[in-house]
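Taking it in order: structure first as structure tokens, then the write-up.
The values are calculated or read from the model by the stated rules, or taken from the named source; none is laboratory data. Not measured: the values here are computed from a predicted model.
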Amino acid sequence: MELKLYTISDLTGILNLHPKTILRFIHEGKIKAKKIGRSWMVNEDDLKSFCHAELSDIQLPTPAPNYDTLKSRINVSAVIEIIEQNSAEASRISNHLLAILNSEKGSDGKSRYDFFYYPKIEKAKYIFYGSPEFIQKILQTFDQLCQTQGDFHE
């Protein structure tokens, strides 16, 4: 069996890549190569491995999804904006939400909350990041707040 070797110049034509890109791939280990004298040489099997499906008939197995750890890998974010003329009211809401965040059990510190108040445009922005359960709890709190506010105005 004859061993076919490719130079960097050969690979630029085959892969349609700049020689410096090919050298970078070699240094990063993406393309296996051997230095013979002053030249880098890539054998045909290593080129096929790099090209995957384009030149190789070897199919890499697709990993099966791991649903057992899905809950621990999911994070959700939510942004809530409220037009609020009174910065004290925006801060009161923020303190209430901060109390919920601090009482959150089992979050392992993954839940996060940021609060911004923009007096020029009279807008409060509440930003949350955490588990789906945490975000659901926050949204339910806002829903209850809206219902309570509606009860006071009737």
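The lone criterion from (1) modelled with pLDDT under 85; (2) outside any helix (DSSP H, G or I); (3) of a type in the set (Gly, Ala, Ser) left unmet by Gly150 is number (2). Within the range 65-83, can you find the residues that are under 15 Å from the mean Cα position of the chain (by Cα) and among the small types (Gly, Ala, Ser)? Across the range 65-83, the qualifying residues are Ser72, Ser77.
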